[in-house]
1. Could you list the residues of the stretch 231-267 with an amide nitrogen less than 17 Å from a label point located 7 Å from the Cα of Val149 in the Cα-to-C-beta direction?
2. So how much slack lies between Tyr6 and Phe53, counting 0.36 nm per residue of separation and subtracting their Cα-Cα distance, in nm?
3. At a Förster radius of 41 Å, what calculated FRET efficiency corresponds to the Cβ-Cβ distance of Glu39 and His264, to the nearest 0.05?
4. What whole number of Å gives the distance from the Cα centroid of the stretch 312-368 to the Cα centroid of the stretch 192-248?
5. Tell me, what is the FRET efficiency for Ala245 and Glu193 to the nearest 0.05, using R0 = 51 angstrom and their Cβ-Cβ distance as r?
6. Report the extension gain between Tyr351 and Arg378 in nm, rounded to one decimal, defined as 0.36 nm multiplied by the number of residues separating them, less their alpha carbon distance.
7. I need the phi-derived Karplus couplings for the stretch 105-120: 6.51 cos²θ - 1.76 cosθ + 1.60, θ = phi - 60°, integer Hz, Gly and Pro marked x.
8. Round to the nearest 10 and give me the degree value, 0 to 90, for the angle of helix 355-370's Cα axis relative to the longest principal axis of the chain.
Amino acid sequence: MPRAVYVLALGIFAMVTSEFVVAGLMPQMADGLDATIPEIGYLITAFAVAMAFGGPFLTVALLKLPQKRALMVLFGIFLGGNVLAALAPDYWTMLVARVVTGVASQAFFGVGISMATRLTRPEIRGRAVAVALNGLMLGTLLGLPLATVVGEHLGWRAAFWAITLLTVLAAAATFVGVPRVERAQDESGSLREELGAFKSPRLWLTLTTSTFVIGATFAAFSYLNPILTEITGFATGTVPLLLVAYGAATLIGNTVVGRLADRHTLPVLVTGLLLNFAFLVGFALLADLPVGAVVMMLGIGLVGVTMNPAMVTRVQRVGNTGALVNSVHSSFITGGIIIATSIGGPAIDAYGLRAPLWIGAGLAVLGLLSLVPDLRRRAAQAPAPADAPSPAPAREPVEVG
């Protein structure tokens, strides 16, 4: 595996840590910005919406640049957004900062994943995506807890300065450790050619599968804290340890899926969605039992967001490995998070804290249904069994005269 892929993972780690930091510092930021907790929550929503809708447009604006140069531009934009967040005198400045970092983060995912695949041989691209996306898993496992600890002890602004420093280090490592892709590969497609991939209905269905996969997972993940404390009965201080265990499960699952994604893309997705459905239903039924709840939570960690390498491999095969396809795919993934959280909140008000788990199970079913056309296509293309009777040979025409 090229060293550059690991360097790209560091950049993704910085982006994901910035994305999650607000969730761990809501009370402190509310006090510092003279805002309410719900208003601080909107900063998370703003980041996600900026990712989903702004990232692809920024990617288009950078298409003519060599990909390494595009990454450095995105580091600069992201760095500026984090500095603005660290210095924000009021809530509205912070809101602008979150939008800027959200747009840059999404575009970075698109360009970074595209570059990771172009730096590796086709037969190991799934593994390369998994390595790059370890930055995402480590952001959950380490980035959020570390940023929260820094914010609690040194103030929430210090957490954003720490992310700024991490961004500078990631940018320096990228500048030194990531090669410039050859021009023939780097600039192989025009905007028209990039957009041409989206004429395929199959690509849109493939992107929708990713929305359902991630939506099912985040329907549970977004509300783990209140479910584990108010239903299962864990102490508040225990939840961070459980979230670290969840993050470790995602790291393991991502590594396993990365090994299987190239050769067994569709079976991995089917198996992952079936297991995720089972774990979500099990969590909903066993949420009041500590052992059962933890087992089901870890199961969701193993087979939820860890489907990313298989999802990326599938999308790239149906579309292409270009930055725009990868960026739009990231938007569909973020759309799953938006859907899960926007439905989950009202469902909790109406039906209680178990409701998001049932919603997640429903989204997993929709994900399975979206795979049916590819499963049928796969079955139709399967070779006949070796012991199947051969068709009778056609009778040779008899020449007359």
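What follows draws every value from the coordinates through simple rules; no lab data is involved. Here the structure is a predicted model, which is why all the values come from computation and not from measurement. For neighbour counting, all protein chains shown are included, and Cβ atoms are generated from backbone atoms with ideal geometry for every residue, glycine included.
1. Once the point is set 7 Å along Cα→Cβ of Val149, 237-248 turn out to lie under 17 Å by backbone N, inside the stretch 231-267.
2. Details: separation 47, 0.36 × 47 = 16.92 nm, distance 2.74 nm.
Using 0.36 nm per residue and subtracting the Cα-Cα distance, I get 14.2 nm.
3. Details: r = 45 Å, r/R0 = 1.11.
Computed FRET efficiency for Glu39 and His264: 0.35.
4. Between the Cα centres of the stretch 192-248 and the stretch 312-368 lies a distance of 7 Å.
5. Working: r = 45 Å, r/R0 = 0.88.
Calculated value: 0.70.
6. On the way: separation 27, 0.36 × 27 = 9.72 nm, distance 4.00 nm.
Stretched out fully, the Tyr351 to Arg378 stretch lengthens by 5.7 nm.
7. With coefficients 6.51, -1.76 and 1.60, one gets 4, 4, 4, 5, 4, x, 5, x, 5, 4, 5, 4, 6, 6, 8, 10 Hz.
8. It is inclined by approximately 20 degrees.
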